[in-house]
Amino acid sequence: MSDIHIRCPKCKWEPDGKPYWQCTCGNYWDTFSTAGRCPQCGKIWKDTQCISTAGGCAAWSPHLDWYDGLDEIIQRLKEEIEERWHQEVRI
């Protein structure tokens, strides 16, 4: 998981762990500490806004798109699974 970097997919701004995001219930929190789920009311935010007041661009993007590096990890996992399948066929 160390290959994953959290950054805005539009401008590459990286959040610093501060509670910039506000839920409709009024709670402020760091959306990346909970994968987009408000810890107060449980609402899941599928989209996340980049924070312009902290140096970002204010654009909205799918929350999962902020996790840079997932594609490479998924590809490696697929390759490992395929290799295991090939090994099982040889046995």
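Taking the number of other C-beta atoms within 10 Å as the exposure measure, put C25, C8 in order starting with the fewest. Could you put the intermediate results ahead of the total?
Numbers: C25 10, C8 23.
Listing C25, C8 from fewest to most nearby Cβ atoms yields C25, C8.
Amide H to amide H distances under 5 Å link T48 with S61, H63, where only residues 5 or more positions off or on other chains count and H is placed in the peptide plane. Based on DSSP H segments of at least four residues, each scored -39500 (n - 2.57), the chain has a per-residue ellipticity at 222 nm of -8000 deg cm²/dmol.
Within straight-line reach of K46, meaning a Cα separation under 17 Å, sit the following aspartates and glutamates at least 8 residues removed in sequence or on another chain: D30, D65, D68.
For the range 24-37, backbone phi angles converted through the Karplus equation (6.51, -1.76, 1.60; θ = phi - 60°) give residue-by-residue couplings of 5, 7, x, 6, 9, 6, 8, 4, 7, 6, 10, 6, x, 9 Hz, Gly and Pro being listed as x. The phi torsions of the range 57-67, fed into the Karplus equation with coefficients 6.51, -1.76 and 1.60 and a -60° offset, translate into couplings of 10, 6, 6, 9, 9, x, 3, 5, 5, 6, 8 Hz, rounded to whole numbers, with Gly and Pro shown as x.
Here the chain was treated as a single set of alpha-carbon atoms; its pair distances binned every 10 Å from 0 give 16, 39, 23, 12, 8, 2 percent. Would you mind calculating the relative contact order of the chain from Cα pairs under 8 angstrom and at least 6 residues apart, reporting the percent as a whole number? In percent, rounded to a whole number, it is 28.
How much length is gained if the chain between E83 and D47 is pulled fully straight, taking 0.36 nm per residue apart and subtracting their Cα-Cα distance, in nm to one decimal?
Between E83 and D47, full extension yields 9.5 nm more.
Every read-out reported here was derived from the displayed coordinates using simple, explicitly stated rules and does not represent laboratory data. The shown structure was predicted, so the numbers you read here are calculated from the model rather than taken from an experiment. Methodologically, a virtual Cβ is constructed for each residue, glycine included, from the backbone with ideal geometry; neighbour enumeration extends over all protein chains shown.
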